[in-house]
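**Student:** First the structure, which I've put down as structure tokens, then a few questions once you've had a look.
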Amino acid sequence: MHQNRLKKFILSIVTLTFVLSHFVFLSVAQIPSPGAGNTNPDAIDTAYYKDQIRIAGDFVNASEFDSCLMICNGNVTELTKNLKAFKNEKTLEYINKYLMHFYKLRGISYQLLSKYPESLKEQQLYLKQAEKINSIKDIGAAYTYIAYTHREMEDYKTALQYNSKAISILQNTPYRGSYANALCGKSTLYYDLDLSIDSAMQFLQEGLKIYKEVGDYNNYTNGVLSLCEQKFKANKQQDCSVWLASISEYINEFENPAQQAQYYAYLGRVEFEKGNIKAASKHFQTGYDYAKVSENAYNMFGTSKYIALSMAASGQYAESIKMIDKCVDHYSDDINTEKARELNSISLKFEFEKEKEFQKAEFAKQAAVAEEKVKRTTLIRNVAIAGLAFVIAVAVILFRLNKKLRISYTKLHETQATLVMTEKQRAEQHVRVNIARDIHDELGSGLTRITMLSGLARKKLHSQPEAVDESLSKITQYSRQVSASLNEIVWAVNPQSDTIEGLGTYMKTYAQKYLDDIGISYQLHFPEKYESIPLDPEKRRNIFLILKESLNNAAKYSNATEIIINLNITGNILELIISDNGIGMDTGITSTGNGLNNMNHRMAQIGFNYTIESEPDKGCTIKVDGKLF
């Protein structure tokens with residue numbers, strides 16, 4: 001930390017020295033007039049501009065983006081004037097080259113400051129300058145940056161179009177590092193669009209190979225961490241330990257707390273899946289410490305979530321609950337309402353012309369529209385911040401007063417209502433995708449719903465006060481689901497539950513509560529006593545999920561009035577039968593959903609048999625059986 005501060009201080013002193021020396025230089029230098037016809041390419045101070053580009057780049061690396069913009073703005077103004085003052089072709093080539101680099105640095109700075117309209121404007125200028133001097137490397141890099149910015153605005157299809165242009169330009173060139181950047185960008189977009197996780201990982205691994213060849217170990221480290229994320233999401237993390245070992249010598253070299261937080265979080269997940277809870281807890285805590293240093297709410301949320309899981313697995317249930325509370329706080333911090341509002345507005349209304357015509361006639365018009373939108377977003381943000389404390393207090397009161405609150409407000413503008421609906425649909429789609437993931441992802445999904453519905457309740461408070469009760473009821477419902485998910489987490493990772501008795505008792509309790517809540521009659525036939533037989537955690541969880549999925553399907557689709565559950569254990573053989581008297585289905589028709597396929601896949605994983613017997617109007621019976629050990 002002290003080294004970073006010293007580096008920033010030195011950069012500031014060096015910059016000031018260069019700026020002052022350049023002003024002195026300008027005061028004594030003989031600047032040729034536009035008609036002088038100077039043929040000397042050194043009529044501009046090339047050494048000075050090279051140093052200015054280097055210092056601006058150092059400020060980007062040190063996250064001092066405002067300082068970088070200050071340097072770039074001054075030099076762009078001066079170089080733009082020189083374009084009119086000089087006539088020599090070689091001198092103009094130098095000026096255009098330096099302008100290109102300053103536009104590039106301004107675009108990167110605005111992007112990292114989350115000012116995406118400004119960033120896209122600078123990246124288009126960067127592309128224009130690169131084409132003017134025919135720099136193939138920079139043309140490809142410009143398309144890569146534009147694609148990345150559109151991805152940040154969640155306009156993934158447009159981003160993929162620009163990325164494809166970058167790859168086609170850079171593919172057979174000597175600029176291997178830039179080509180690797182484009183490949184990694186394509187991997188991320190395939191992952192975002194759910195096109196093909198295998199293709200996404202293949203593109204990323206090709207990029208990693210190039211990074212290692214050219215010695216770019218910083219990007220190699222970032223790429224390995226992204227690859228591990230994709231592998232864990234796709235449940236293909238078997239070789240993650242090998243990939244993490246390949247960056248162990250670099251992870252502390254770059255002194256990047258965000259990198260270090262992710263690295264130790266993945267190390268912990270590898271050890272956790274091996275059952276090394278103590279080692280996993282140590283890695284998760286180290287990752288959490290680095291996440292706090294980086295002040296990255298997303299990393300703090302992720303690492304605190306895994307710490308809570310490891311605490312529960314080691315029997316520290318009270319500490320696990322406390323850490324879950326911290327996890328909720330970090331997750332709430334990570335949801336940036338201002339950014340979501342700006343990105344939705346830009347992605348719907350701010351369009352960049354995809355061909356070169358945009359760089360001519362339409363550019364100024366689109367830039368003006370973007371600036372106006374940013375001003376409007378800033379105004380909305382300031383108003384939201386000013387009323388945040390009041391809104392939270394009113395939300396708490398609304399939980400208690402329920403239907404007594406009847407206050408009339410004028411309706412919001414039609415475009416604001418459209419924005420609210422778009423955000424709600426995106427949140428619901430995001431939740432549907434995450435339902436198929438592990439229990440801890442269900443917890444994150446529940447937290448997302450609670451947070452987004454709280455924001456929705458705040459907005460409806462002004463426009464639709466009569467609808468606030470519905471949102472608050474949903475918040476209460478999802479809060480109970482989060483609590484149930486947490487109970488399931490504790491049961492799933494508790495070693496004391498790894499027995500036949502632990503499985504049978506929990507399934508019976510779950511079925512009783514679930515069927516009582518939905519009001520369906522039932523018969524439960526479970527053994528009164530259980531043998532003291534240990535049970536593999538994977539079998540225990542998969543058998544329970546069969547019960548959970550079957551009850552969920554019966555409740556949703558069968559129109560059943562009665563459900564019968566039989567659990568029989570004979571020696572080494574377990575048999576679970578779930579029957580209902582509902583409308584049934586035609587088992588000869590291939591299912592298009594994930595539920596039945598997931599159940600069949602889970603039983604195949606643990607060596608159990610899975611059968612389903614059903615006919616229209618004759619109910620449905622699901623049976624699983626297999627050896628316990």
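**Student:** Condition first: of a type in the set (Lys, Arg) and within 18 Å of MET603 (Cα to Cα). Now tell me which residues in region 527-581 satisfy that.
**Tutor:** Correct list: LYS539, ARG540, ARG541, LYS548.
**Student:** Let me ask another. Which pairs do you get when a residue that is closer than 24 Å to ALA554 by Cα, found in region 492-516, comes within reach of a residue that is of a type in the set (D, E, K, R) and crowded, with 17+ Cβ neighbours inside 10 Å, reach meaning Cβ atoms under 6 angstrom, with the pair 6+ apart or on two chains?
**Tutor:** From region 492-516, the pairs are ALA492/ARG541; LEU503/ARG540.
**Student:** Residue check: is PHE86 crowded, with 22+ Cβ neighbours inside 10 Å and more than 20 Å from ALA130 (Cβ to Cβ)?
**Tutor:** Yes; evaluated as a whole, the condition is true for this residue.
**Student:** Any residue at all in region 145-163 that's under 18 Å from the mean Cα position of the chain (by Cα), open to solvent by less than 10 Å² (accessible area, probe 1.4 Å) and β-branched (Val, Ile, Thr)?
**Tutor:** yes
**Student:** All but one of (1) outside any helix (DSSP H, G or I); (2) at negative phi hold for GLY607; which doesn't?
**Tutor:** (2)
**Student:** Any idea which of GLY504, GLY571, GLY584 is touching a Lys or Arg at 6+ places or on another chain (Cβ under 6 Å) and open to solvent by less than 70 Å² (accessible area, probe 1.4 Å)?
**Tutor:** Only one candidate passes the filter, namely GLY584.
**Student:** Only residues in region 607-629 that are within 15 Å of TYR557 (Cβ to Cβ) and open to solvent by 40 Å² or more (accessible area, probe 1.4 Å) count as the first member; pair them with residues that are in a strand (DSSP E or B) and of a type in the set (A, V, I, L, M, F, W, C), Cβ under 6 angstrom, at least 6 apart or cross-chain, and list the lot.
**Tutor:** ILE612/ILE622
Rundown of residues vs (1) over 27 Å from THR173 (Cβ atoms); (2) open to solvent by 20 Å² or more (accessible area, probe 1.4 Å), yes/no style:
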{"position": "LEU69", "(1), (2)": "yes, no"}
{"position": "GLY74", "(1), (2)": "yes, yes"}
{"position": "LYS90", "(1), (2)": "no, yes"}
{"position": "ARG106", "(1), (2)": "no, yes"}
{"position": "LYS115", "(1), (2)": "yes, yes"}
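**Student:** So, one more: Restricted to region 518-540, and to residues that are open to solvent by 50 Å² or more (accessible area, probe 1.4 Å) and part of a helix (DSSP H, G or I), which residue is modelled with the highest pLDDT?
**Tutor:** Top of the filtered list is ILE518.
**Student:** Now, a different point. Restricting attention to region 33-55, which residues are aliphatic (A, V, I, L, M) and either loosely packed, with under 15 Cβ neighbours inside 10 Å or at pLDDT below 90 (or both)?
**Tutor:** Across region 33-55, the qualifying residues are ALA36, ALA43, ILE44, ALA47.
**Student:** Considering only residues that are out of contact with any helix residue (DSSP H, G or I) (no Cβ under 6 Å at 6 or more places or on another chain) and in contact (Cβ under 8 Å) with a residue 24 or more places away in the chain, which ones fall in region 546-562?
**Tutor:** Selection gives LYS548, SER550, ASN552, ALA554, TYR557, SER558, ASN559, THR561, GLU562.
**Student:** Take the residues of region 211-266 that are farther than 25 Å from ALA182 by Cβ and among the polar types (S, T, N, Q): which is surrounded by the most Cβ atoms within 10 Å (Cβ to Cβ)?
**Tutor:** Filtering first and then ranking leaves GLN260.
**Student:** I would also like to ask the following. Which numbered condition trips up MET100, out of (1) out of contact with any Asp or Glu (no Cβ under 8 Å at 6 or more places or on another chain); (2) without any contact (Cβ under 8 Å) to a residue 40 or more places away in the chain; (3) part of a helix (DSSP H, G or I)?
**Tutor:** (1)
**Student:** Same structure again: Which members of region 55-87 meet the condition of being in contact with a Gly (Cβ under 9 Å, 6 or more places away or on another chain) and either at positive phi or not in a helix (DSSP H, G or I) (or both)? Give the steps one after another, and end with the answer.
**Tutor:** Taking region 55-87 first, the residues in contact with a Gly (Cβ under 9 Å, 6 or more places away or on another chain) are 68, 87.
Across region 55-87, the qualifying residue is only LYS87.
**Student:** Just one of LEU195, LEU208 is open to solvent by less than 60 Å² (accessible area, probe 1.4 Å) and of a type in the set (A, V, I, L, M); which is it?
**Tutor:** LEU208
The values are calculated or read from the model by the stated rules, or taken from the named source; none is laboratory data. Because the structure is predicted, anything quoted here is derived from the model rather than measured. Please note: Cβ atoms are built from the backbone with ideal geometry, for glycine as well, and neighbour counts cover all protein chains shown. SASA here: full protein model, heavy atoms, side chains in, ligands and nucleic acids out. Shrake-Rupley method; radii C 1.70, N 1.55, O 1.52, S 1.80 Å.
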